[in-house]
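Take a look at the structure set out below.
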Amino acid sequence: VLAVLICLFLFVGAVAIAWLTGGIGYSDGYRDGNIQKFSLKGIIFKTHEGELAVKGFKTKDKSVSNTFEFTVLDAKLASEMENFTSDDDVRVYYHEYMLSPAYRGSTGYRVYKVEKLKDLAPKPEKTN
């Protein structure tokens, strides 16, 4: 019984530390699309929250789109993103966190960099 309580205490402590420090890093990546929504949200903790319209999958009848919701914590980056229009194709780079606390945004995806796709250099073609 004592061993179970110690394990439970250590587990709860680890989760609390992860929550207080901003979450547990889970993945890194990027998404391409158009920023269709960007706002400052929150009652107590204000964070910049956005929604990226990701290029959808095409079927015979229609195109299906999906969205990617993200958080921006850097005020300078948020200011830069406010200048994009819904016509700008962008790439957002993010870190994904598990156990992300409310004061770190309403999503687990924290964007740390954004680029317009037209500004990216084309990747060289592979030759075999």
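Read-outs throughout are calculated quantities, based only on the coordinates presented, and are distinct from any laboratory measurement. Everything quoted here is computed from the prediction, not taken from an experiment. Cβ: placed from backbone, ideal geometry, glycine included. Neighbour counts: every protein chain shown.
Can you figure out the FRET efficiency of Ile44 with His95, using R₀ = 30 Å and their beta-carbon distance, to the nearest 0.05?
Taking R0 as 30 Å, the efficiency between Ile44 and His95 is 0.80.
Cβ neighbours within 10 Å, averaged per peptide: list 106-119, 27-40 in order, most packed at the top.
Put in order of decreasing packing, that is 106-119, 27-40.
How far is it, in nm, from the label point at Val12 to the one at Lys113 when both lie 7 Å from their Cα along the line to the Cβ?
Result for the modelled spin labels: 4.1 nm.
Label Val1 and Leu120 with points 7 Å out from Cα along Cα→Cβ: what is the distance between them in nm?
Each label point lies 7 Å from its Cα, and together they span 5.9 nm.
Would you mind getting me the FRET efficiency between Asp32 and Lys76? Use the beta-carbon distance for r and R0 = 22 Å, nearest 0.05.
0.50
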